[in-house]
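Trainee: Structure below; questions to follow.
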Amino acid sequence: MSEPIIKIENMNKWFGDFQVLKDINLSVEKNKKIVVCGPSGSGKSTLIRCINRLEEHQKGTIIVDGVELSENTKNIEQVRAEVGMVFQQFNLFPHLSILDNCTLAPIWVKKLPKKDAEELALKQLKQVQIEDQANKFPGQLSGGQQQRCAIARALCMEPKIMLFDEPTSALDPEMIKEVLDAMVNLATAGMTMIVVTHEMGFAKEVADEVIFMDEGMIVEKAETKEFFANPKSDRTKLFLSQIL
Amino acid sequence: MNKLYLSKPNINNLYIYIYTGFFLIFISILDVVFNSFFEINLTTFLPTTLSFTLPLIIGFLGLYLVRIEFTGIKYLDQLNKNINTNNFNALLTLIIIFAIIKTIPPSLSWFILDANISGDSKEACTGTGACWTYIKIWIRRFIYGMYPNAEQWRINLSFIALLALGSVGYFATDKFKKYLTLYYVVIYPFIAFLFIFFFISGGPIFFEFSYGMIAFGLSIIIGFFVPKKIKLWYFLLVPILLYISLKYFFFYEETIDLGKLSGLNWVETGAWGGLSLTFIVSFFCLIFCFPVGMFLALGRRSELLLIRYISIGFIEFWRGVPLITVLFMSSVMFPMFLPEDFFMDKLVRVIIAISLFEAAYVAEVIRGGLQALPRGQYDAAKSLGMGYWKMHIFVILPQALKLVIPGIANTFLALVKDTPLILVVGLLEIVGMLNMAKTNPEWLGFSMEGYVFAAIIFWIICYAMSKYSYNLELKYKTDR
């Protein structure tokens, strides 16, 4: 058993008086793929946003790749550079071309020379099969293409961990497959991934573990086969019967 | 056989309706034209009220008759779609056309037909129209203020040089394109300042201007051979060192010896004026207020309480006071707070005052743009490991500024049109010079011409600016 790359202990978070996350304990080992599911409002998104500190937690500890997340801005930036994130709404930079979207952070955060950054970006865009769109602007692409570009943009930072926050929820059904394919490829390549999604097919195919969350708590955490075959808690059973 | 219904124009007897309709419209316009151009009333035989409204009634009937949908005649369809969709619009169209026709003859006669431009005294103006002679005689004052005639080439030369340097962006090759922002934000204003401060102002300090230019030129030439790593430091330090060494070690003795080369005559800023002063004040205020406003906008949204409250206080203070009091303060009160031997030119004080005043407005405009950006953009930039400044410089500000181009243009236009207010502290830009000229005993009674002239000048400046801002909007439009 190797040392976990993400370690969350007794983490609590409040939005005002409302407690979103209650006593979260989670450790993720390198190269593992975790799928987080649960009803809306259960705190799944908040949980993974805490991992790169887009949200602050108020209690407990989060250690990512040996760095504890705290008020220290330098630490946070270091962690963020190592943790890629893909959002539900893509969040590409509309004023930059696809290629510039991908090279911006490598050039200015990792200080790569422009030429190397572009080479890397084209390689990543080729991985998600949109290298021929490199000079277009995000507004000219379909939703699926934009989301694939967002994946490529995150990969250009050569992260150790990838977080996916409902990457297919804003897409038309026929575009979901192309994004999931890109994610499956990434998983096969051995990336450590935490995916918040409702795509149970994807979970069955790729995930090592599935986490079920409800009301800010981790209700069930099990290996994928076990999770779908014998869910333990009633809440999980109910959720699975509704979604499958 | 198709029946003719006068009350219901239809496509069956298309040409009968069209010919009748356009004949009626033609008659109505002809009536108004005769009325206003030749002062002939074609309908005197009718009662006055009817005679007055007759063209409207006839034209209205005509437009009614030609209002037939889908005729297939391109121009008629366009006419109906755009200005003749219903009775009310038809009426408005007619009234506007008549109003234009009515106003052409008097304005034409005032501007051109009955106007005078020849001669060089008040007596030459014999016509009933405008006396452009007045503008012609005073034009130098309107452009250069009280700047001595013999020295005005300095202003011309500076402005032409600055215009030429400013247009560099159009000719820059791709290799130099990335330096353009730096050039326009830092270097160009600096050169402009050198030109205006040393060249237009003149005096013995003219030599400093030449040292500055030599130092600047030399350091750029040497700069091509400097390794990339120290380039930034090089350009920060070397020009200043060169300048100082030139001034104190190389030319100092010579300049004293060469008494005959005593430089340009000094012209104090109080003598500057007219249009050139309008340009100078507007130019520097625009350049200074923008970055200050930008930092204030960022400061107001900062998470650091101290910075946020300072920004809010600054913005609310400057937005809360009228510009005219700010100008008074800058020229009357401000010097009292300064140490005895410290002197700051009135023009400089005024420029600083206007810049800070407008910066508060610019800040609020930019803040609007910052708030319009979705939170996802901040999240995405942060998740890629960008810190506060990188995030703002590369992701947030480019988008926010693009959004607020119309608002910024608005503020800048207001700024240009606010510059005449500096006459309250005794600086006479173009409107100030007009005010002075109209009270000249030799030229009493021509304020109308003066104000029309100023209005035209301001309109040209402002229209050019708004056109430019519109072009910028199109240029940075990437959402489609």
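The values are calculated or read from the model by the stated rules, or taken from the named source; none is laboratory data. Please read all numbers here as calculations on a predicted model, not as lab measurements. Ideal geometry is used to build each Cβ from the backbone, glycine not excepted, and the neighbour counts take in all protein chains shown.
Trainee: Out of B:Phe198, B:Phe111, which single residue is under 30 Å from B:Trp443 (Cα atoms), in contact with a Gly (Cβ under 8 Å, 6 or more places away or on another chain) and among the aromatic types (Phe, Trp, Tyr)?
Mentor: B:Phe111
Trainee: With under 23 Å from A:Glu82 (Cβ atoms) and surrounded by fewer than 18 Cβ atoms within 10 Å (Cβ to Cβ) as the only criterion, which of A:Asn135, A:Asn185 stands out?
Mentor: Being under 23 Å from A:Glu82 (Cβ atoms) and surrounded by fewer than 18 Cβ atoms within 10 Å (Cβ to Cβ) holds for just one of A:Asn135, A:Asn185, which is A:Asn185.
Trainee: Still on this model: Applying the selection to region B:374-415, what residues are of a type in the set (Gly, Ala, Ser) and under 13 Å from A:Phe87 (Cα atoms)?
Mentor: Passing the criteria: B:Gly376, B:Ala380, B:Ala381, B:Ser383.
Trainee: Please list, ordered by first then second residue, the pairs with beta carbon atoms under 8 Å, 6 or more apart or interchain, first in region B:460-480 and within 14 Å of chain A (Cβ to nearest Cβ) and without any contact (Cβ under 8 Å) to a residue 24 or more places away in the chain, second small (Gly, Ala, Ser) and in a helix (DSSP H, G or I).
Mentor: Pairs that qualify, where the first residue is within 14 Å of chain A (Cβ to nearest Cβ) and without any contact (Cβ under 8 Å) to a residue 24 or more places away in the chain and the partner is small (Gly, Ala, Ser) and in a helix (DSSP H, G or I), are B:Thr478/A:Gly139; B:Asp479/A:Gly139; B:Arg480/A:Gly139.
Trainee: Here's a follow-up. Name the residues in region B:452-465 that are under 13 Å from B:Ile139 (Cα atoms) and either touching a Cys at 6+ places or on another chain (Cβ under 9 Å) or not hydrophobic (A, V, I, L, M, F, W, C) (or both), would you?
Mentor: Answer for region B:452-465, where residues must be under 13 Å from B:Ile139 (Cα atoms) and either touching a Cys at 6+ places or on another chain (Cβ under 9 Å) or not hydrophobic (A, V, I, L, M, F, W, C) (or both): there is none.
Trainee: Here's another thing I want to ask about it. Could you tell me which residue of region B:114-133 is farthest from B:Trp272 (Cα to Cα), considering only residues that are part of a helix (DSSP H, G or I), in contact with a strand residue (DSSP E or B) (Cβ under 9 Å, 6 or more places away or on another chain) and not β-branched (Val, Ile, Thr)? Even if it seems obvious, please write down each step before you answer.
Mentor: So in region B:114-133, the residues part of a helix (DSSP H, G or I) come out as B:122-124, B:132-133.
Applying the additional criterion that residues be in contact with a strand residue (DSSP E or B) (Cβ under 9 Å, 6 or more places away or on another chain) yields B:122, B:124, B:132-133.
Pick out the ones that are also not β-branched (Val, Ile, Thr) and you get B:122, B:124, B:132.
Values: B:Lys122: 26, B:Ala124: 30, B:Trp132: 24 Å.
Out of the qualifying residues, it is B:Ala124.
Trainee: Moving on to the next point. Are there helices (runs of 4 or more DSSP H) fully within region A:81-188 with at least 2 residues that are within 12 Å of another protein chain (Cβ to nearest Cβ)? List them. Outline the logic, then answer.
Mentor: Details: elements: A:98-108, A:114-127, A:143-155, A:173-188.
In region A:81-188, the matching helices (runs of 4 or more DSSP H) lie at A:98-108, A:143-155.
Trainee: Could you grab me the full set of residues in region A:60-89 that are modelled with pLDDT under 90 and of a type in the set (Lys, Arg)?
Mentor: If the condition is that a residue be modelled with pLDDT under 90 and of a type in the set (Lys, Arg), then A:Lys74 is the only one that fits.
Trainee: From the list A:Ile48, A:Ile62, exactly one residue is in a strand (DSSP E or B), under 18 Å from the mean Cα position of the chain (by Cα) and in contact (Cβ under 8 Å) with a residue 12 or more places away in the chain. Which is it?
Mentor: That would be A:Ile62, the only listed residue that is in a strand (DSSP E or B), under 18 Å from the mean Cα position of the chain (by Cα) and in contact (Cβ under 8 Å) with a residue 12 or more places away in the chain.
Trainee: Specify the residue that is nearest to B:Pro55 (Cα to Cα); the eligible residues are those in region B:98-130 that are surrounded by fewer than 16 Cβ atoms within 10 Å (Cβ to Cβ) and without any contact (Cβ under 8 Å) to a residue 12 or more places away in the chain.
Mentor: Out of the qualifying residues, it is B:Ala99.
Trainee: Residue under question is B:Phe60, and the condition is that it be closer than 21 Å to B:Pro105 by Cβ, modelled with pLDDT of 75 or more and out of contact with any Pro (no Cβ under 9 Å at 6 or more places or on another chain); does it hold? Steps first, please.
Mentor: Numbers: closer than 21 Å to B:Pro105 by Cβ: no; modelled with pLDDT of 75 or more: yes; out of contact with any Pro (no Cβ under 9 Å at 6 or more places or on another chain): yes.
For B:Phe60, the condition - closer than 21 Å to B:Pro105 by Cβ, modelled with pLDDT of 75 or more and out of contact with any Pro (no Cβ under 9 Å at 6 or more places or on another chain) - is not met.
This table checks each residue for (1) in the same structural domain as B:Ile96 (by TED's automatic domain parsing); (2) polar (S, T, N, Q); (3) part of a helix (DSSP H, G or I); (4) in contact (Cβ under 8 Å) with a residue 12 or more places away in the chain.
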| site | (1), (2), (3), (4) |
| --- | --- |
| B:Gly21 | yes, no, yes, yes |
| B:Leu24 | yes, no, yes, yes |
| B:Phe37 | yes, no, yes, yes |
| B:Ile40 | yes, no, no, no |
| B:Phe52 | yes, no, yes, no |
| B:Leu61 | yes, no, yes, yes |
| B:Ile68 | yes, no, no, yes |
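Trainee: In region B:353-402, how many residues are touching a Lys or Arg at 6+ places or on another chain (Cβ under 6 Å), in contact (Cβ under 8 Å) with a residue 12 or more places away in the chain and at the interface with chain A (Cβ under 10 Å from one of its Cβ atoms)?
Mentor: 0
Trainee: Just checking, how many residues over region B:79-91 are farther than 15 Å from B:Gly62 by Cβ, surrounded by 12 or more Cβ atoms within 10 Å (Cβ to Cβ) and modelled with pLDDT of 90 or more?
Mentor: Qualifying residue count for the region: 0.
Trainee: Separate question: How many residues does region A:7-24 hold that are more than 21 Å from A:Phe212 (Cβ to Cβ) and either surrounded by 14 or more Cβ atoms within 10 Å (Cβ to Cβ) or touching a residue at least 40 places away in the same chain (Cβ under 8 Å) (or both)?
Mentor: Counting residues in region A:7-24 that are more than 21 Å from A:Phe212 (Cβ to Cβ) and either surrounded by 14 or more Cβ atoms within 10 Å (Cβ to Cβ) or touching a residue at least 40 places away in the same chain (Cβ under 8 Å) (or both) gives 1.
Trainee: Across region A:110-128, what is the total count of residues that are in contact (Cβ under 8 Å) with a residue 24 or more places away in the chain, surrounded by fewer than 18 Cβ atoms within 10 Å (Cβ to Cβ) and not basic (Lys, Arg)?
Mentor: Counting residues in region A:110-128 that are in contact (Cβ under 8 Å) with a residue 24 or more places away in the chain, surrounded by fewer than 18 Cβ atoms within 10 Å (Cβ to Cβ) and not basic (Lys, Arg) gives 1.
Trainee: May I ask you to verify whether B:Phe394 is more than 20 Å from B:Arg301 (Cβ to Cβ) and either surrounded by fewer than 20 Cβ atoms within 10 Å (Cβ to Cβ) or among the hydrophobic types (A, V, I, L, M, F, W, C) (or both)?
Mentor: Answer is no for this residue.
Trainee: In addition: Could you list all residues from region B:276-320 that are surrounded by fewer than 19 Cβ atoms within 10 Å (Cβ to Cβ) and in contact with a Phe, Trp or Tyr (Cβ under 8 Å, 6 or more places away or on another chain)?
Mentor: Hit for region B:276-320 is B:Arg319, nothing else.
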